[in-house]
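Asks: Have a look at this one.
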Amino acid sequence: MASMLDRVSARHRAMVGPAGAKGTFVEPPFWRLDALRQALLGSGAPDREQIEHEFEGYVAGAGKANAVVFSCNYARLRVFVDVQFGWRDRADGQLGPFYDSPDLALLRRPWPTGSLANLLAWMEMDATYAGNSYITWCDDAGRFGRAARGPGRRLVRLRPNWVTLVIGSHSDDPYALDAQVVGIIYEPPVSGIAGTRTQPVLLLPSEVCHYSPIPDPAARFRGMSWLTPVLREIGADLAATEHKAKFFENGAALSTVVSLDKDITPEQFAEFVELFKMQHEGPRNAYKTLFFGGGADVAMRGVDLQKLDFKAVQGGGETRIAAAAGVHPVVVGLSEGLSGSSLNAGNYSAARRNVGDGTMRHLWKEAAASLEVLFPRPSEAAELVPDTRDTAFLREDAKDVADIQFRRAQALRSLLDAGYEPDAAVEFLRSDDITRLVGRHSGLFSVQLQPPGTEQGGDPSSEGGAA
């Protein structure tokens, strides 16, 4: 395995060459640049996988420039970080109770000033804008991965656009069926300090938490950002916001047409236009009374925002962005979700459950499985699983859990009254497998659970006479 890693690492450095300069976001929109970049550069070497888009472009062009994207991302993030993780042993396909281990202390305090919530926030941010998140260890001696065992050992984030997945197989064919990720290379760009360059770091897959909740169907091992399918919607929402701003900048009207006398000179026309713009354009000059002379005539062309049904047009795009994020518009607080009496009708509870059961539980399970590689398992049957018992977003579900437990207790009582052994009854209710009750009857009948023919004591009247 070591020689294979050396070969793919050397091949990677030979193909990459000098690191490029730091990318910046410019117009036209970043997704057009991505399309051009892919057309010119192709998908890269077959034994490497990187994120397919400009990471900084997604951050600057969507996350920091679009309120809907930021709101959806923040709605996901504030629920995603409110979870704990613990070990549970799986026996007969069922998970047992939660328990802790000393190694999980690093998960709860990943770096000196950080918490589990900070770590999960970084994972969610990277998954949103890059489709992938990478976490490993480091220490104060500058060692990474499993070699980081010295003072200051902590978890550290690998910026996803500086990470390359190296693919290998037994036959060295990256397209073979047994191909897998054999190495992860972290390669930042030139630092700019005297043109120095940080040396690439090669890590084993077992040394890196790779969190990618949405697989990229065009790749094999990398993930995909949920922003990618809605880039057009994001662009349309940005254009709609700009249109709204221009509407107010231009006197709260879509189009003002001023007709002048045909005998006016070009010099007079230019002077009139400049004076009109200075006195009547912009929101500060909106709704002022217009006074003209010399045959000037003003007409309003087009329609206003109400006639355009602007709210419905922009609201439809907001809903599609929220759907791609996996968060209901009601939970995010978007206009379409809050219209009418949806909250009063109890739709928020249904929306919350949709987000909790349909999106967050999936993300938590993916995060737990990804983080598990960083911590030694206490036993072969142990699994790192999310613990949502204290998650505020799911607190209303506690009533449903209590109702289920009450019904199980009633079913357990019925089984015990029917004479089944207590352990067999618990196994049946836990596994939902009725065959667990076969051959496990006590032979006693209900209520008193005494053998058939057993008398219930002497005659009370005779006892009284003897006294």
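The values are calculated or read from the model by the stated rules, or taken from the named source; none is laboratory data. Owing to the predicted nature of the structure, the values given are computational and were not obtained by experimental measurement. Neighbour counts run over all protein chains shown; Cβ positions are idealised from the backbone, glycine included. The protein model used for the area step is the full one, side chains on, heavy atoms only, and it has no ligands, DNA or RNA in it. Shrake-Rupley method; radii C 1.70, N 1.55, O 1.52, S 1.80 Å.
Asks: How long is the gain from ASP387 to THR113 if the chain were fully straight, where each residue apart is worth 0.36 nm and the alpha carbon distance is subtracted? Show your work: numbers first, answer last.
Replies: Working: separation 274, 0.36 × 274 = 98.64 nm, distance 2.29 nm.
So the chain would gain 96.4 nm between ASP387 and THR113.
Asks: Per 0.36 nm of contour for each residue apart, how much would the distance between ALA323 and LEU95 grow if the chain were fully extended, relative to their Cα-Cα spacing?
Replies: Separation in residues times 0.36 nm, less the Cα-Cα distance, equals 78.9 nm.
Asks: Of TYR134, TYR74, which has the most accessible area and how do the rest follow, probe 1.4 Å?
Replies: Values: TYR134 5, TYR74 110 Å².
Final ranking, largest accessible area leading: TYR74, TYR134.
Asks: Quick check: the distance between the Cα centres of the range 147-165 and the range 403-421, to the nearest angstrom?
Replies: First find each Cα centre; the distance between them is then 51 Å.
Asks: So what J values fall out for the range 106-122 if you push phi through Karplus, 6.51 cos²θ - 1.76 cosθ + 1.60 with θ = phi - 60°, rounded to Hz, Gly and Pro as x?
Replies: Couplings: 5, 5, 7, 10, x, 9, x, 9, x, 9, 4, 4, 4, 4, 5, 5, 5 Hz.
Asks: Given the Cα atoms of the range 80-154, and with Rh set as the inverse mean 1/r over their pairs in the Kirkwood sense, what is Rg to Rh to two decimals? Mind showing how you got there, number by number?
Replies: Details: Rg = 14.9 Å, Rh = 14.3 Å.
Here the Rg-to-Rh quotient is 1.04.
Asks: 5 Å is the cut-off here: which amide hydrogens, built 1.01 Å from N in the peptide plane, fall below it relative to ASP387, excluding neighbours closer than 5 in sequence?
Replies: Counting only residues 5 or more places away or on other chains, the set is GLN84, PHE85, GLY86.
Asks: In the full protein assembly as shown, how much of CYS138 is accessible to a 1.4 Å probe, in Å² to the nearest 10?
Replies: Per-residue accessible area (CYS138): approximately 10 Å².
Asks: At 7 Å along the Cα-to-beta-carbon direction for both PHE272 and VAL426, put a label point, then send me their distance in nm to one decimal.
Replies: Those two pseudo-labels are separated by 9.4 nm.
Asks: Same structure again: Assuming a ≥ b ≥ c are the square roots of the Cα gyration tensor eigenvalues, decide whether the range 54-206 counts as rounded (a/c under 1.5), prolate (otherwise, with a/b larger than b/c) or oblate.
Replies: Details: a/c = 1.31, a/b = 1.09, b/c = 1.20.
The shape class here is rounded.
Asks: Can you list the HN-Hα couplings for the range 201-209, worked out from phi with the Karplus curve (6.51, -1.76, 1.60; θ = phi - 60°), rounded to whole Hz and with x for Gly and Pro?
Replies: 10, 9, 10, 7, x, 6, 9, 10, 7
Asks: Working with all protein chains in place, sort TYR175, TYR348 by solvent-accessible area computed with a 1.4 Å probe, largest first. Write down the numbers at each step before the final one.
Replies: On the way: TYR175 160, TYR348 85 Å².
The most accessible residue leads, giving TYR175, TYR348.
Asks: Hey, if we sort TRP226, TRP122 by accessible area with the 1.4 Å probe, largest down, what's the order? Don't skip to the end; give the middle numbers.
Replies: On the way: TRP226 5, TRP122 120 Å².
Largest accessible area first, the residues go TRP122, TRP226.
Asks: Please give the charge dipole size of the range 342-444, origin at the Cα centre, charges +1 on K and R Cβ atoms and -1 on D and E Cβ atoms. Round to the nearest 20 debye. Walk me through the numbers before you get to the answer.
Replies: Details: 14 positive and 17 negative charges, 59 e Å.
So the dipole magnitude of the range 342-444 works out to roughly 280 debye.
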